[in-house]
Amino acid sequence: DSSYLTSHDGLTLPAVGFGTYLLKGEAGVGSVLDAIDVGYRLLDSAFNYENEGTVGEAVRRTGVPRKELIVTSKLPGRHHAYEPATQSIAESVFRTGLGYLDLHLIHWPNPKVGKYVEAWRAMIDAREAGLVRHIGVCNFEPEHLETLLAETGVLPSVNQIEVHPYFPNLEAIAWNRDHGIITEGWSPLGRGTQLLQEPVIVGIAERLGSDPAAVVLAWHRAHGVLPLPKSGNRERQLANLATSLVLSDDDLTQIATLARPDGRTTGQDPLTWEEF
Ligand code: A2P
């Protein structure tokens, strides 16, 4: 069933999730409630987005049963030593007001500090304790994943990385796939760029009687990526969830020409982040 993805350790996720970066406060609660209402079941937040409470509030208010929802948050890079990580995870759960998280991710490996293995041990123990059901990472390169495997024997269920046609990240996707790790894509629509105005994308959309975002989301699907599009607008939320467009090999080849080494939306490699 192509509407779900499953990891090596049996975590099953819907093929599209809802990104919540910058959705906060009462307006944010409204957007997340809309998203749940139009059908999203996977919700992606983070300690650093300062919106775990926003997402938790929406989950508490919706009529959708708690067990149908996958609430995700992320452990900041500045909390990586074992004790701070343990406290941070408990604080994230507390902020949601939900008693547990379905999925918790290390936000980035913070390689300069070099304590992501300790953080990973704290995540494994939090899962053991029942605070979080499933654990994963974000922005990990294959070398960091190899280190986790060598040091702990436990691979993440999910690796959330930047993926879009300007920055396809195909090697990381392939490594994840070969190890049964689900690749989630952040900035899947190329937030803040001209991606949705690219003639190649617009041309394919026009030919297929569709729209540019649907083409980009179909490109994600073709690469086995679980995109996390963010929208504060209910119509676009629904459009991003409901699209079932399939691209031809020729369409994919055309889109591949958009890739470029400096294609990151932030203009910055997440391995060099300071504050996260
Ligand atoms: P809005 O919240 O007004 O819908 P990304 O998912 O790559 O982070 O991109 C998010 C940005 O893309 C937001 O600015 C969002 O604006 C916009 N966006 C989301 N869905 C669509 C869509 N279907 N068509 C056009 N723009 C979209």
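The values are calculated or read from the model by the stated rules, or taken from the named source; none is laboratory data. Keep in mind that this is a model prediction, so the values were computed, not measured. Cβ coordinates were reconstructed from backbone atoms using ideal geometry, including for glycine residues, and neighbour counts include every protein chain displayed.
General remarks:
- Once region 21-36 is narrowed to residues that are touching a residue at least 40 places away in the same chain (Cβ under 8 Å) and surrounded by fewer than 16 Cβ atoms within 10 Å (Cβ to Cβ), the residue that is farthest from Phe276 (Cα to Cα) is Ala27.
- Once region 207-224 is narrowed to residues that are assigned to a loop (DSSP other than H, G, I, E, B), without any contact (Cβ under 8 Å) to a residue 60 or more places away in the chain and touching a Leu at 6+ places or on another chain (Cβ under 9 Å), the residue that is farthest from the ligand (Cβ to nearest atom) is Ser210.
- Single residue of region 225-257 satisfying the filter (within 18 Å of Pro199 (Cβ to Cβ) and in a helix (DSSP H, G or I)) that is nearest to the ligand (Cβ to nearest atom): Ile255
- Scanning region 183-194 for residues that are more than 8 Å from the ligand (Cβ to nearest atom), surrounded by fewer than 23 Cβ atoms within 10 Å (Cβ to Cβ) and touching a residue at least 12 places away in the same chain (Cβ under 8 Å) gives a single hit, Thr193.
- Residue within region 207-227 that is of a type in the set (Val, Ile, Thr) and either surrounded by fewer than 23 Cβ atoms within 10 Å (Cβ to Cβ) or in contact with a Cys (Cβ under 8 Å, 6 or more places away or on another chain) (or both) present: no
- So Gly97, is it touching a Lys or Arg at 6+ places or on another chain (Cβ under 8 Å) and either among the polar types (S, T, N, Q) or surrounded by fewer than 19 Cβ atoms within 10 Å (Cβ to Cβ) (or both): yes
- Annotation: Ile204 fulfils all but one of (1) in a helix (DSSP H, G or I); (2) within 11 Å of the ligand (Cβ to nearest atom); the unmet one is (2).
- Flag if Leu155 is closer than 28 Å to Ser45 by Cβ, at pLDDT 95 or above and within 15 Å of the ligand (Cβ to nearest atom): no
- If you go through region 169-182 and keep only what is farther than 16 Å from Asp269 by Cα and touching a strand residue (DSSP E or B) at 6+ places or on another chain (Cβ under 6 Å), you end up with Ile173, Asn176, Ile181, Ile182.
- Of the residues making up region 3-20, those that are closer than 16 Å to Ala214 by Cα and either surrounded by fewer than 13 Cβ atoms within 10 Å (Cβ to Cβ) or touching a helix residue (DSSP H, G or I) at 6+ places or on another chain (Cβ under 6 Å) (or both) are Ser3, Val16, Phe18.
- The residues on offer are Thr54, Thr72, and the sole one that is among the hydroxyl-bearing types (Ser, Thr, Tyr), touching a Ser or Thr at 6+ places or on another chain (Cβ under 8 Å), within 16 Å of the ligand (Cβ to nearest atom) and touching a residue at least 40 places away in the same chain (Cβ under 8 Å) is Thr72.
- The numbered conditions (1) out of contact with any Leu (no Cβ under 7 Å at 6 or more places or on another chain); (2) buried (at least 20 other Cβ atoms within 10 Å of the Cβ); (3) among the basic types (Lys, Arg) are all true for Lys112 except (2).
- Selection count where residues are under 25 Å from Ile70 (Cα atoms) and free of Cβ contacts under 8 Å to residues at least 12 places away in the same chain, scope region 128-148: 2
- Test: residue in region 163-183 that is under 26 Å from Val216 (Cα atoms), acidic (Asp, Glu) and in a helix (DSSP H, G or I): yes
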